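Report on one structure; see the data block that follows.
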Amino acid sequence: MNRRSASLLVLLGVMLGVAAPFLLPSVVWAQTSRAAPRKDVPPPPPASPPAPAYEYTFVKRESPDEDLVELQRLGGEGWRVVSTVVVDGSTRRYVLMRDRRAEPASH
């Protein structure tokens, strides 16, 4: 390659470099301009946590000693007494509640 063709090649490259913003304006603007974050717009609020899920059960009341043993066992599993209910005028039951536990994944 002689000097003249090398000079023409360099000149062509310089001209394309200067003309590139006009030939491909959207590409150049997308690559060179960055939108500055607006300070007058507050950030979005954080996502709210999921609503708690509970499960319920009941225990038929037998006698104070048996009830105490059973309630202590269930308390160790995370159950809490939330109410007592009278059924048919004589039978009493404890209503228990605890946070719903994730079910084990089936394989």
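Which of the residues belonging to the range 73-89 are more than 15 Å from residue 60 (Cα to Cα) and free of Cβ contacts under 8 Å to residues at least 12 places away in the same chain?
Those that are more than 15 Å from residue 60 (Cα to Cα) and free of Cβ contacts under 8 Å to residues at least 12 places away in the same chain: 75, 76.
Return yes when residue 13 is at pLDDT below 90, out of contact with any Cys (no Cβ under 9 Å at 6 or more places or on another chain) and open to solvent by less than 70 Å² (accessible area, probe 1.4 Å) and no when it is not.
When the stated conditions are applied, residue 13 passes them.
Here is a list: 89, 78. Which entry is open to solvent by less than 50 Å² (accessible area, probe 1.4 Å), in a loop (DSSP other than H, G, I, E, B) and not charged (D, E, K, R)?
78
The values are calculated or read from the model by the stated rules, or taken from the named source; none is laboratory data. Worth saying up front: this structure is predicted, and the values here are computed from it rather than measured. Positions of Cβ are backbone-derived with ideal geometry, glycine not excepted, and every protein chain shown enters the neighbour counts. Accessible surface is based on the protein model in full, side chains and every heavy atom, while ligands, DNA and RNA are left aside. Shrake-Rupley method; radii C 1.70, N 1.55, O 1.52, S 1.80 Å.
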